[in-house]
Each structure stands twice: as C-alpha cells, then as structure tokens.
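**Student:** Quick one: structure below, then a few questions.
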Amino acid sequence: MKKLAVITATLLLLPVLLTGCGSSVIKEEKEEETVNENLITVGFSQLGAESDWRNTNSVSMQDALSRENGFNLIYKNGQQKQANQITAVRMFIQQAVDYIVLAPATEEGWDSVLAEARDANIPVILVDRRVDVSDKGLYSCWVGSDFELESKKVTGWLKGFTDRRNISPENLHIVNIQGTIGSTAQIGRTRGLANAARENGWDLMAEVSGDFTENKGREVMAALLKGYDNINVVYCENDNMAIGAIDAIESAGRHVGPNILNGDIMVVSFDGVNEQSLEFCKEGKISCIAECNPLHGPRVKALIESLENGETPEKFNYVDERLFSSLGIVRSVEVDGVSYTVEEP
Ligand code: AHR
C-alpha cells in the first residue's frame with residue numbers, strides 16, 4: 001500500500017507546547033520532510049492547539065506515529081480554521097501520502113476535499129470529531145468520544161445532585177459556555193444539555209460560544225454575569241473554558257462551589273486532562289467533570305495497521321470514558337440503562 005515518493009513540505013514553525021501528560025511536548029513542524037521509503041507516511045491535519053486536551057492529543061499522535069514505530073508523520077496545525085485544514089489535506093494529496101488522518105474543526109464542508117482524497121486512493125481516518133458528508137464512504141473509519149453520552153452523564157449527575165439536595169428544577173438557572181460552534185463536541189454536549197433542561201424543567205438561560213479556550217471562557221463568563229444576576233450553574237463544554245469562567249466568577253466577587261442555594265455558582269465541565277481542572281474538581285470548585293479521552297495515537301496506529309493488513313476496521317470506534325466528582329453526593333449515574341460510577345478525580 002505504501003507509495004514511494006520524495007516529499008518536500010514547507011511548513012510553518014510552531015512553538016513547542018507543554019502539556020499535562022504523555023511525553024509532554026508537541027514536536028515542531030519541520031521546514032523539510034523527506035519520506036523514507038520504508039516508513040508509512042501519514043499526513044495528520046490537527047485542528048489546532050486550543051486546549052490542554054488538544055495538546056495531549058497531538059503528543060499522543062506524534063508518540064504513536066513515530067519513526068521508531070515505522071511511520072513518517074507530517075503534522076499540520078490548522079489553527080482552528082477549516083480553510084487551513086483543507087489546504088493541509090490538499091497538500092497531503094499532492095505529496096501522495098499513504099494515509100490522511102483528519103481531526104476536523106467542524107463537521108460541515110468536507111465533501112469536496114475528501115472526494116479528492118478518495119480519487120487519489122488515499123484512505124482517510126477521522127479522529128476525535130466527525131464530518132457531516134453525504135457519502136460515509138469518503139472516510140475509512142473514525143475513532144473518538146460519544147460527546148452526547150458525556151453530556152448525559154454530567155446532566156444525570158446534576159439531576160442526582162438536585163434530587164438529593166431537594167432543589168426544585170425551576171431553581172436551576174443555567175448558562176452554557178459552548179465549544180466551537182459546528183464541532184461534534186459542541187453539537188453533542190449542547191444537545192445533551194438542551195434535552196436534559198427540557199425533560200427536567202431546568203431554566204437554561206443562555207448558550208454562548210467560548211471556542212474551547214480559556215480566554216474566551218473568561219470573557220464570555222464576565223459578560224454573562226453582567227447580563228444575568230441569577231446564574232447558579234455554569235455548564236462549560238471543556239475544562240479550559242471552565243478555568244477561565246471560574247476566574248471571571250471570582251473576579252466578580254462571587255463564590256464558586258456546589259452550595260447553590262446559598263449563593264454559590266456551580267461549575268460542571270468536560271475533559272479531565274488539565275491538571276488545574278482536576279485540582280479544582282478535588283477542591284469542589286468544579287463539581288463534576290465528564291472525562292474526554294485524548295489518547296488516540298495508539299488507536300489510530302492500530303487502525304492504520306489493520307488497513308495495512310487488508311482488513312476492514314469498524315467504521316465507528318468509541319472510547320470508554322469516566323465521570324469525576326469529589327462531592328460524594330452522587331455515587332453513580334444511569335444513562336440509557338447503563339450505570340456509570342462517579343469516581344474521585
Ligand atoms: O473535540 C474534543 C474537544 O476539543 C475537547 O473537549 C476540547 O477540550 C477540545 O478543544
């Protein structure tokens with residue numbers, strides 16, 4: 001399957017980023033990339049470096065698809081812009097890579113470029129988020145999280161919490177700091193909250209995007225506090241935004257925590273990768289976190305190896321994820337007939 005080619009890629013130089021775990025650094029993109037004929041060449045279009053989750057994911061991919069493991073990885077950072085990712089995929093096609101791995105920023109707008117990859121006989125593996133294309137044959141397979149399930153766990157925890165504390169549903173005044181609009185993670189997590197609010201009679205007051213970054217989370221939260229004086233739950237669609245939101249809440253002189261009947265603002269979140277957010281979860285500043293597992297490198301490696309062996313891997317590959325809270329109030333959450341233990345962070 002391997003195509004033999006000499007590839008010269010002019011790539012931007014990126015700063016080295018530190019992350020919370022794994023081998024901890026994202027390797028710089030190189031000025032020149034020469035394909036070694038004995039290696040499997042993979043073009044990886046990563047969507048950006050917006051969060052600790054993302055950086056941990058990039059490191060996991062680079063560690064797994066290393067030269068020692070038989071891969072020549074061409075890594076491109078899309079800077080959260082789909083146009084950059086489309087350019088990267090086209091570059092990979094020109095370079096005649098063996099595989100394209102795509103972590104798409106948002107779901108729509110991929111039909112044409114993925115058709116170009118198929119015309120060039122280059123298999124595409126999706127990682128993390130998905131694409132919304134009319135023909136699912138445009139990609140070989142996907143590996144990632146069930147984002148709506150993550151949301152059902154968090155909202156199930158919130159329901160359990162309010163039941164045990166005798167808080168009536170109409171007294172929950174929630175704002176949602178959303179991720180990048182149109183991304184699979186945002187769509188699933190937003191839908192999960194909207195459904196739970198409707199089913200339980202919660203007051204979901206506002207949904208505003210913080211683009212999955214700490215700075216925007218801070219900015220959006222500061223604005224929400226000015227617009228609403230009765231917020232008592234902040235549902236953040238990732239931990240980096242939660243960290244920014246907590247900063248904004250405390251800077252406004254409010255207390256973050258689970259005692260919402262006594263004036264606290266409760267924060268719930270997603271990821272469980274960033275060390276500070278896990279620390280906040282231990283302290284009760286973040287009441288509940290649904291884990292989002294970023295360690296997809298070995299999974300993508302296994303999918304490529306399966307394709308190399310002429311096998312057809314499962315189309316959709318979901319990863320197992322946990323639920324964290326240190327409050328000890330809710331011990332387990334049931335979602336769609338499955339019980340999930342609430343673990344200490
Ligand atoms: O798509 C996964 C999400 O993207 C993570 O929850 C978030 O932190 C990241 O930016």
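Every read-out reported here was derived from the displayed coordinates using simple, explicitly stated rules and does not represent laboratory data. Bear in mind the structure is a predicted one, so any value in this text is a computation, not a measurement. Because the Cβ atoms are built from the backbone with ideal geometry, glycine has one as well, and the counts that use them run over all protein chains shown.
**Student:** What is the stretch 214-345 by shape, rounded, prolate or oblate, if you read a ≥ b ≥ c off the alpha carbon gyration tensor as root eigenvalues and call it rounded for a/c under 1.5, prolate for a/b larger than b/c, and oblate otherwise?
**Tutor:** Prolate is the answer for the stretch 214-345, as a/c is 1.5 or above and a/b outweighs b/c.
**Student:** Continuing with the same structure: Please report the orientation-averaged projected area of the stretch 189-259, defined via the convex hull of its C-alpha atoms, in nm².
**Tutor:** That works out to 4.7 nm².
**Student:** Still on this model: Fewest first, what order do Thr162, Thr341, Thr155, Thr180 take by the number of other Cβ atoms within 10 Å?
**Tutor:** By the 10 Å Cβ count, ascending: Thr341, Thr162, Thr180, Thr155.
**Student:** Rule-of-thumb check for the chain: C-alpha Rg over 2.2 N^0.38 Å?
**Tutor:** So the Cα radius of gyration is 1.04 times the expected 2.2 N^0.38 Å.
**Student:** Nearest 500 deg cm²/dmol is fine: what mean residue ellipticity at 222 nm does the chain get from its DSSP H runs of n ≥ 4 alone, each adding -39,500 (n - 2.57), divided by its residue count?
**Tutor:** Value at 222 nm, helices only: -11000 deg cm²/dmol.
**Student:** Quick one: if the Förster radius is 25 Å, what FRET efficiency do Glu308 and Arg118 give, using the C-beta to C-beta distance and rounding to 0.05?
**Tutor:** Efficiency computed from Cβ-Cβ geometry: 0.85.
**Student:** Return the ratio Rg/(2.2 N^0.38 Å) for the stretch 250-313, where Rg is computed over Cα atoms only.
**Tutor:** Taking N as the residue count of the stretch 250-313, the ratio is 1.82.
**Student:** Once you have the Cα-Cα distance between Ile181 and Asn262, take 0.36 nm times their residue separation minus that, and quote the gain in nm to one decimal.
**Tutor:** Answer, rounded to one decimal: 25.8 nm.
**Student:** May I ask you to compute the full-extension gain from Arg164 to Ser134, defined as 0.36 nm times their residue separation minus their alpha-carbon distance, rounded to one decimal in nm?
**Tutor:** 6.3 nm
**Student:** Still on this structure, I have one more. Can you tell me how the stretch 130-232 classifies by the Cα gyration tensor, rounded, prolate or oblate, using a/c under 1.5 as the rounded cut?
**Tutor:** Oblate, since a/c reaches 1.5 and b/c is not below a/b.
**Student:** Sort out for me the Cα centre separation of the stretch 79-148 from the stretch 204-233, rounded to whole Å.
**Tutor:** 32
**Student:** OK, next. With +1 on each Lys and Arg Cβ and -1 on each Asp and Glu Cβ, and nothing else charged, work out how big the dipole of the chain is about its Cα centre, in Debye to the nearest 20.
**Tutor:** 180
**Student:** I've got another one for you. Got a sec? Which residues in the stretch 146-171 would a label at Asp203 touch, if it sits 7 Å along Cα→Cβ and we count backbone N under 11 Å?
**Tutor:** Only 169-171 fall inside the zone, counting backbone N under 11 Å.
**Student:** What is the Rg over Rh value, at two decimals, for the stretch 281-345, using alpha-carbon atoms and the Kirkwood definition of Rh?
**Tutor:** 1.17
**Student:** Now for a separate question. Could you work out the relative contact order of the chain, using alpha carbon pairs under 8 angstrom and six or more residues apart, expressed as a whole percent?
**Tutor:** For the chain, the relative contact order is 15 percent.
**Student:** Suppose R0 equals 56 Å. What FRET efficiency, 1/(1 + (r/R0)^6) with r the Cβ-Cβ distance, do Tyr228 and Val25 give to the nearest 0.05?
**Tutor:** The formula returns an efficiency of 0.85 here.
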